[in-house]
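Participant: Encoded as structure tokens, here's the structure I'll be asking about.
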Amino acid sequence: MRDFFTVSILVATIASGIRLATPYLLAGLGETIGQRSGVLNLGVDGVMQLSAFFSYWAVLETDNLWLGMVIGLVVGLVMGVIYAVVTVVLKAQQGISGIGIFLFGLGFSDLMFRRQVGTPKPANQLPEIPIPLLSDIPWVGEALFEHSVVTYAAFATVPLLAWMLRSTTFGMNIRAVGENPQAADSLGVSVAWNRTFAILIGNGMAGLAGAALVLELGIFQPNLTNGLGFIAVALVYFGAWRPVGIMSGALLYGLVAAVVLQWKAQGIIPRGASDIAAMAPAVLTILALIILAGRVQAPAALTRPFSRH
């Protein structure tokens, strides 16, 4: 345990925690936009899994990391179109529709992996890009300013999204259709279009999250996400539908996961208890949700289909 509290190990653990937090943050921020418009998407994990595979496959075939990221985004947008048609146009029950998207993403990505790849093969990974001057700061620079461009972009999205929801017409419309769609509709705000745009943004970000996950690791395997998308949905509640709160939850989850991995590598956690210790981030999230239950207010129209009377 004493070795863990050396500066080098702590800095490496913090850096790892930030990297691990990135896909949770991207997916959680995207889901926030959807939920603020009144749409719950439980298919985030399936979208991430599907995007992760196609991003990985694209990079295997072309060695082009940016093409892989674009493919992940496109896959997320395609799944967003499907989900918007099902939930906004056909007004299907959102929870069941989301589970359907999850199962499709999980099954189809597994099928495509077995047919097109077969066994896990290493692919190019996202490179770390040190920020000039800031990365030279002792200890802090290595922990905070030596990450991939996707990690920087994910954290830069937090203030951008907060501003968009609070200060732009689009953001206020999103909030309006999520709180009182009848009143928004009476003022000429299109509930269907705003919810559709919110779904597309949310699924696009989930696609980027899946691509970031697999290209940080440099390898794909069936069920790679392992429930990560469901944790991202939980982080929306943890963060009370606020981007800064979701970032805090993602960082907490990532740092706890990084600590567990570091302790396992150092042998601090006994081999027999490693599986139990791996559950620590999820248990922490559940405990936080229990504590927060009843203290946060969800969008009033969340999960409610809108119909003009």
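Please treat every number below as a calculation from the coordinates, not as lab data. The structure displayed is predicted, hence computed values, not measured ones. Quick reminder, even Gly has a Cβ in these numbers, built from the backbone with ideal geometry, and neighbours come from all protein chains shown.
Participant: Rounded to the nearest 0.05, what FRET efficiency do I129 and K264 give with R0 = 35 Å and r taken as the Cβ-Cβ distance? Could you check?
Facilitator: On the way: r = 28 Å, r/R0 = 0.81.
With a Förster radius of 35 Å, E is 0.80.
Participant: So what's the Cα pair-distance distribution over the range 162-209, bin width 10 Å, in %?
Facilitator: Spelled out per bin, shortest first, that is 27, 50, 20, 2.
Participant: May I ask for the distance between the Cα centers of the range 1-79 and the range 102-132, given as a whole number of Å?
Facilitator: After rounding, the separation between the Cα centres reads 12 Å.
Participant: Is the shape of the range 7-56 best called rounded, prolate or oblate, per the rule: a/c under 1.5 gives rounded, else a/b larger than b/c gives prolate, else oblate, with a ≥ b ≥ c the square roots of the Cα gyration tensor eigenvalues? Mind dumping the intermediate values first?
Facilitator: Values: a/c = 4.50, a/b = 1.78, b/c = 2.53.
Cα axes put the range 7-56 in the oblate bin.
Participant: Arrange the following residues from fewest to most other Cβ atoms within 10 Å of their Cβ: S16, S190.
Facilitator: Details: S16 18, S190 13.
Starting with the residue having the fewest Cβ neighbours, the order is S190, S16.
Participant: Debye sum, Cα scatterers, the range 13-104, no solvent: what log₁₀ I/I(0) at q = 0.16, 0.26 1/Å?
Facilitator: -0.72, -1.29
Participant: Give, to the nearest whole percent, the P(r) tail of the range 174-245 beyond 13 angstrom, counting all Cα pairs. Walk me through the intermediate numbers first.
Facilitator: Values: 1892 of 2556 pairs.
So the pairs more than 13 Å apart make up 74 percent of the total in the range 174-245.
Participant: Ranked highest first by average number of other Cβ atoms within 10 Å, how do 242-251, 148-157, 46-55 line up? Don't skip to the answer; put the middle values down first.
Facilitator: Working: 242-251: 21.6, 148-157: 18.2, 46-55: 30.9.
Per-residue Cβ counts within 10 Å, averaged per peptide and sorted highest first, yield 46-55, 242-251, 148-157.
Participant: Starting from the Cα of W193, step 7 Å along the direction of its Cβ; do the same at N226; then give the gap between the two resulting points in nm.
Facilitator: It is 4.4 nm.
Participant: Please compute the net charge surrounding V214, taking Lys and Arg as +1 and Asp and Glu as -1 over other residues with Cβ under 15 Å from its Cβ. It would help to have the intermediate numbers written out before the result.
Facilitator: Values: positive: R19, K121; negative: D45, E61, D63, D110, E216.
Computed value for this residue: -3.
Participant: Next question, about the same structure. So which helices of the chain fit the span-like rule, where a helix is a whole DSSP H run, its Cα atoms reach 24 Å or more along the axis, and its mean Kyte-Doolittle is at least 1.0?
Facilitator: 65-84, 149-167, 191-217, 243-266
Participant: Express in nm, to one decimal, how much length is gained between L287 and L67 on full extension, taking 0.36 nm for each residue of separation and deducting their alpha carbon distance. All intermediate terms of the calculation are to be shown ahead of the outcome.
Facilitator: Details: separation 220, 0.36 × 220 = 79.20 nm, distance 3.91 nm.
The L287-L67 span can extend by a further 75.3 nm.
Participant: Under the rule a/c < 1.5 gives rounded, and otherwise a/b versus b/c splits prolate from oblate, where does the range 12-250 land using the Cα gyration tensor? List each step's numbers first, then the result.
Facilitator: Working: a/c = 2.20, a/b = 1.26, b/c = 1.75.
Oblate.
Participant: Please work out the FRET efficiency for the pair Q297 and K121, using the Cβ-Cβ distance as r and a Förster radius of 41 Å; give the result to the nearest 0.05.
Facilitator: Details: r = 47 Å, r/R0 = 1.15.
It comes to 0.30.
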